[in-house]
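Peer 1: Once you've had a glance at the structure underneath, I'll fire off some questions.
The values are calculated or read from the model by the stated rules, or taken from the named source; none is laboratory data. From a predicted model like this one, the values you see are computed outputs, not experimental measurements. Glycine also receives a Cβ, built like all others from the backbone with ideal geometry; neighbour counts cover every protein chain displayed.
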Amino acid sequence: MEKQPLYEGKAKRIYATDKAGEYLVYYKDDATALNGLKKGTIASKGVMNNKITTFFFELLGKNGIPHHFIKRVSEREQLVKELKILPVEVVVRNIAAGSLAKRIGWEEGTKMPSTVLEMYYKNDDLGDPLINDYHIKAMGIATPEQVKTMSELALKINDILSAYLKDKKIELIDFKLEFGVNNGQVLLGDEISPDTCRFWDTETHEKLDKDRFRRDLGNVEEAYKEVLKRLTGEEA
């Protein structure tokens, strides 16, 4: 497969392929946190996140969630549909943690009485600020219909993943989603992995995600391996 470099982000490289409308995504081992202020590497993270994202997208597809994923083609690469990414990050929160716990003054680990949906402007220079529907409309970065679709899909994804992970003894604390447009349809894009989700062990509340890197908790690679093992039975 011929590929042409298009874009390199914090965790992935994107390539155009010789087939129109299809891109190749390469998962790196690079890790960043605190809006890029903290940088490092997590051994084999790219391999694990590629496999974990593949698993989640296939699970969501079977449950009616439209997405950009086509197939995994190697240990670090997957083929996806071309998307015009909407610059709105959708965050779904079930348990108070991270920035939300600090912002509203709740102890981390407090269960939200109802699911909280937040939207952030996807802009590294501005630190991805929190925005609402009125900001989105005024800025013209997504239509009201697209915002409605993203919100509905995000809540449905939360239901599907929370129910599935419960059987794996993983609690879905919160997670970030990105969406894009393909032929007029809003599709789920990017990835779903320990980079973009907070996963806690249901019984011990041990963190199984990138918070171990953010907070210098150690055993970062082991946490990613544990998530992969619980999802697929595969040893990284």
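Peer 1: In the range 179-236, what count of residues is obtained for those that are of a type in the set (V, I, T) and either surrounded by fewer than 20 Cβ atoms within 10 Å (Cβ to Cβ) or assigned to a loop (DSSP other than H, G, I, E, B) (or both)?
Peer 2: Of the residues in that region, 6 qualify.
Peer 1: For residues that are in contact with a strand residue (DSSP E or B) (Cβ under 7 Å, 6 or more places away or on another chain) and either of a type in the set (D, E, K, R) or not assigned by TED's automatic domain parsing to the domain that holds H205 (or both), scanning just the range 105-133, find the one that is surrounded by the fewest Cβ atoms within 10 Å (Cβ to Cβ).
Peer 2: Here the answer is K111.
Peer 1: Something else now. For the range 1-104, list the strands (runs of 3 or more DSSP E) that sit wholly inside it and hold at least 1 residues that are buried (at least 16 other Cβ atoms within 10 Å of the Cβ) and hydrophobic (A, V, I, L, M, F, W, C); which are they? Please lay out each step first, then the result.
Peer 2: Working: elements: 3-8, 12-17, 22-27, 30-33, 38-41, 69-72, 77-81, 84-95.
Of the strands (runs of 3 or more DSSP E) lying wholly inside the range 1-104, those with at least 1 residues that are buried (at least 16 other Cβ atoms within 10 Å of the Cβ) and hydrophobic (A, V, I, L, M, F, W, C) span 12-17, 22-27, 30-33, 69-72, 77-81, 84-95.
Peer 1: Determine which single condition M119 fails, assuming it passes every other condition in (1) out of contact with any Ser or Thr (no Cβ under 7 Å at 6 or more places or on another chain); (2) in a strand (DSSP E or B); (3) over 18 Å from N35 (Cα atoms).
Peer 2: For M119, the failing item is (3).
Peer 1: Looking at the range 186-206, is at least one residue of a type in the set (F, W, Y) and either farther than 28 Å from L24 by Cα or without any contact (Cβ under 8 Å) to a residue 40 or more places away in the chain (or both)?
Peer 2: Within the range 186-206 (the criterion being of a type in the set (F, W, Y) and either farther than 28 Å from L24 by Cα or without any contact (Cβ under 8 Å) to a residue 40 or more places away in the chain (or both)), the answer is yes, since at least one residue qualifies.
Peer 1: So which pairs qualify, if the first residue must be in the range 21-39 and in the same structural domain as R198 (by TED's automatic domain parsing) and under 26 Å from H67 (Cα atoms), the second must be among the aromatic types (F, W, Y) and part of a strand (DSSP E or B), the Cβ gap must be under 7 Å, and the two must be at least 6 apart or on different chains?
Peer 2: none
Peer 1: In the range 155-174, which residue that is in a strand (DSSP E or B) and touching a Lys or Arg at 6+ places or on another chain (Cβ under 7 Å) is nearest to Y27 (Cα to Cα)?
Peer 2: Residues of the range 155-174 that are in a strand (DSSP E or B), as a first pass: 170-174.
This time we only want the ones that are touching a Lys or Arg at 6+ places or on another chain (Cβ under 7 Å), so: 170, 173-174.
On the way: I170: 24, I173: 24, D174: 22 Å.
Looking at the filtered set, the residue picked out is D174.
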